[in-house]
Every structure is written in structure tokens, then in C-alpha cells.
Amino acid sequence: MEEVKKKRMLSGIQPSGDLHLGNYLGAIVNWAERTEEYDCFYFMADLHTITVRQDPAELRKRSLNQLAQYIACGLDPEKNVLFLQSMVPAHSQLSWVLNCYTMFGELQRMTQFKDKSEKHRDNINAGLFTYPVLMAADILLYQADFVPVGEDQKQHVEITRDIAERFNGIYGDVFKVPTPLIAKTGARIYGLSTPEDKMSKSVPDGCVFLMDEPDVIRKKFKRAVTDSDTGRCVYYDREKKPGVANLMNIYSTLTGKTYEEIEKEFEGKGYGDFKPAVAEAVVEKLTPIREEASRLIKDKAYLSDVYKQGAERASYVANRTLSKVYKKVGFLQI
Ligand code: TYM
């Protein structure tokens, strides 16, 4: 029987901080579920990370921790290509070429650029501005069919599609035009202390990290912002009850229960019952991940084998696309 070629999936996370529940529910869960069905490439986006100043020793440590956590989340290195972006030079090489096929105005419209330049006013560097072009290179090098990301990255996948279509329009079908894959639930997890803003490591109080101990998780949920409703309090209303809606979203994503089922479960009960239940669901999910990641992080030799092999496998695919691009734009080949 003829083997059907698997579709390709690719995504990455910046090792700019410890992985958190937003990264997990918005992205990683969806990656791990698809290992068998797709040809999967996942990486640590360390080149992207230096658009904001980093402590070099910390960055190295976090990149390795992140790899251990990817594996602990269920990404088997035998079945998924796991690698560090900076170890595959083709990302930077294609990024330069694509810079010349991306318009200044397009980049100016990127929400993340506007947000980050607002936050880092003393360091609005060119890398921050051309960040989406590097991301386009990450994706297009691998001819990825799907890019599983949280909602905040959708705009970047869309500009990737525009760049690919522009390039293909000039040179023929060089790049696969990728589709963003946004989860139905979990695509936008908000901060527990600031339920109007997405969960982010920059607000550690309201951010649940994958490596948090159970008691730390319980404490964070206990302090989660809700409201002063005293009647029927657990129901979904994103506008009026953003804190509760966020907790319901987390609970629903982890347990598979619908909002109606959750409302029924907590009928006649208050936040004193609801918040600990959400905390327990999170603890139950994250505990084995934390334990496995802590075990793996001690095995430096194994992790370095994984990233070396990952870089080799990724480079093989990436270099084929790069060489096609170089030929198309008119560079002489060795
Ligand atoms: P990053 O590192 O900010 O986030 C990694 C992934 O986690 C998702 N995410 C969230 N999802 C739900 N709720 C949240 N609060 C939340 N916070 C983060 C993000 O949507 C993302 O999927 N530019 C990318 C990294 C990147 C990349 C790529 C992704 C570089 N090259 C190529 C895909 C393909 C970024 O900064 O994500």
C-alpha cells in the first residue's frame, strides 16, 4: 500500500521566561496531541528572544529547561524534531532574503511590535521591528502546512502567508502557504490577577508556571481575581465576569467539560468551591510534567543529544528550501 505523506506542523516558543499555563494550553497541548498524525517540528525561538535584552547565562539555562519541558509535556524527540533556532543558520539566512520582500508599512501594523516598543522604549531595535520576518522564515523554511499557536500569534502567521504569496507570485510555487491552527479553547488564557490581559510571565503573580509547586499553584488560584457576586456566581460572561470566564476556560480546556456542564457542577456553590477545583485540575495536569522535567534537566548529555540530532534533522529540511530560494533570487551556488 502506498504510504500517505503526512502534513507538516511547526511551531516555536521564545525561551524568554519559564513556560506558563498560557503557553501550555494555547500551544503545547495542541502540539503533543498531533505527534502521530503529522510530521512535527518544534523549536526554542532563541533568535527571537534577543530582541529584548537577555542575561546570556540565563538564556542558555532557560533554553535547555524549555527543551526538557517540551519533552515532559509529551513531545517525544523520536517522533518530533525538537531543536534550537540558533543552531539552524538557515533561519537567519532566509530571514534576510524575506526582509527584501516585506514592506515597511506591513511591519508597522503589527500589534506585537506596537506593544513591545511601548514596553521597551529604551530598546526599540531593528530586530524588534523585523521580528515577524524571522518568524515567516521559521515557518516557510519547513514548508509547514499548519502552525499551531495561541490567538496572539495569528497576525504573525497571516503576514507569513502574505510574504509567501508575494514571493510565490514572483518566482512560482516556492513556499507552502501555511494555515494558523488556533485551539477552540485555551487559545487565550488571561492573567489570574489581571483577567483583562493575556497571561504573561511579566505579571508573575497571575501567571502559573509549568514548574510551579502544587502549593504555589493553589495560592495563585486562591488569589485569582473574580468579582463580588454572591448569588449564582459561576456562569460564563466574558464582558461582565472576565475573571470567572478565564477560570472556566482553563477548567474546560483541562477537563473537557462544556461551560454548561461547569455551570451545573457549581450551581448553588460559590467561588470558595470553584477556585480550588480549578486549581486541582491544574495541579493534576502539571505535577507529572514538573516531575518529569526536573528529572530530564539533570540529564544534560541526553538533552544535548536531542538538540544536536534535532538541529541536524531540521537543517536538512531547511537547507533544501533555502537553496531553492537562493537559486530563484539569482545567487550563484557552490
Ligand atoms: P511566545 O513565545 O510569546 O508564545 C508561545 C506560544 O504560546 C502562546 N501563548 C498563549 N496562548 C494562550 N494564552 C496565553 N496567555 C498565551 N501566551 C502565549 C502563543 O500564542 C504561542 O503560540 N513569535 C512567537 C514564537 C515563534 C513562533 C515561530 C511561533 C517564533 N517563530 C514560528 C510559531 C511559528 C512568540 O513570541 O510566541
Of all residues in region 1-20, count the ones that are more than 8 Å from the ligand (Cβ to nearest atom), among the aliphatic types (A, V, I, L, M) and open to solvent by less than 40 Å² (accessible area, probe 1.4 Å). 2
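This table checks each residue for (1) surrounded by fewer than 19 Cβ atoms within 10 Å (Cβ to Cβ); (2) of a type in the set (Phe, Trp, Tyr).
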residue: Lys176; (1), (2): yes, no
residue: Ala183; (1), (2): yes, no
residue: Arg188; (1), (2): yes, no
residue: Val203; (1), (2): yes, no
residue: Lys220; (1), (2): no, no
residue: Tyr235; (1), (2): yes, yes
residue: Gly243; (1), (2): no, no
Per the filter on region 148-202, residues away from the ligand (no atom under 11 Å from the Cβ), polar (S, T, N, Q) and part of a helix (DSSP H, G or I) are Asn168
Might you let me know whether region 133-140 holds any residue that is within 12 Å of the ligand (Cβ to nearest atom) and either part of a loop (DSSP other than H, G, I, E, B) or outside the structural domain of Ala27 (by TED's automatic domain parsing) (or both)? no
Would you point out the residue of region 59-82, among those that are under 16 Å from the mean Cα position of the chain (by Cα) and not in a helix (DSSP H, G or I), that is surrounded by the most Cβ atoms within 10 Å (Cβ to Cβ)? Leu82
Residue satisfying condition, being part of a helix (DSSP H, G or I) and crowded, with 18+ Cβ neighbours inside 10 Å, within set Ala311, Ala301: Ala311
How about region 38-58: which of its residues are open to solvent by less than 30 Å² (accessible area, probe 1.4 Å) and not in a loop (DSSP other than H, G, I, E, B)? Cys40, Phe41, Tyr42, Phe43, Met44, Asp46, His48, Thr49
On the given criteria, is Glu196 open to solvent by 70 Å² or more (accessible area, probe 1.4 Å) and not hydroxyl-bearing (Ser, Thr, Tyr)? yes
Does Val97 meet the test of being surrounded by 15 or more Cβ atoms within 10 Å (Cβ to Cβ), farther than 21 Å from Gln309 by Cα and within 12 Å of the ligand (Cβ to nearest atom)? no
Selected residue (criterion: nearest to the ligand (Cβ to nearest atom)) from residues of region 33-51 that are within 15 Å of Ala72 (Cα to Cα) and over 12 Å from the mean Cα position of the chain (by Cα): Glu33
Residue count, region 106-119, condition surrounded by fewer than 15 Cβ atoms within 10 Å (Cβ to Cβ) and within 14 Å of the ligand (Cβ to nearest atom), comes to 3
Is there a residue being touching a Gly at 6+ places or on another chain (Cβ under 6 Å) and either without any contact (Cβ under 8 Å) to a residue 24 or more places away in the chain or not assigned by TED's automatic domain parsing to the domain that holds Thr253 (or both) anywhere in region 147-165? yes
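Test of understanding: among Met135, Met103, which residue is open to solvent by less than 40 Å² (accessible area, probe 1.4 Å) and of a type in the set (A, V, I, L, M, F, W, C)? Don't jump to the end; show me each part of the working.
Working: Met103 fails: open to solvent by less than 40 Å² (accessible area, probe 1.4 Å).
Residue meeting the stated conditions: Met135.
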Quick check on Val283: is it closer than 22 Å to Asp46 by Cβ, under 24 Å from the mean Cα position of the chain (by Cα), touching a residue at least 40 places away in the same chain (Cβ under 8 Å) and part of a helix (DSSP H, G or I)? no
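Do we find that Thr253 is outside any helix (DSSP H, G or I) and in contact with a Gly (Cβ under 9 Å, 6 or more places away or on another chain) in this structure?
On the way: outside any helix (DSSP H, G or I): no; in contact with a Gly (Cβ under 9 Å, 6 or more places away or on another chain): yes.
For Thr253, the condition - outside any helix (DSSP H, G or I) and in contact with a Gly (Cβ under 9 Å, 6 or more places away or on another chain) - is not met.
The values are calculated or read from the model by the stated rules, or taken from the named source; none is laboratory data. It should be emphasised that the depicted structure is a prediction, and the values quoted were computed from it without experimental measurement. Cβ coordinates were reconstructed from backbone atoms using ideal geometry, including for glycine residues, and neighbour counts include every protein chain displayed. To get the accessible areas, we keep the full protein, side chains included, count just its heavy atoms, and leave off ligands, DNA and RNA. Shrake-Rupley method; radii C 1.70, N 1.55, O 1.52, S 1.80 Å.
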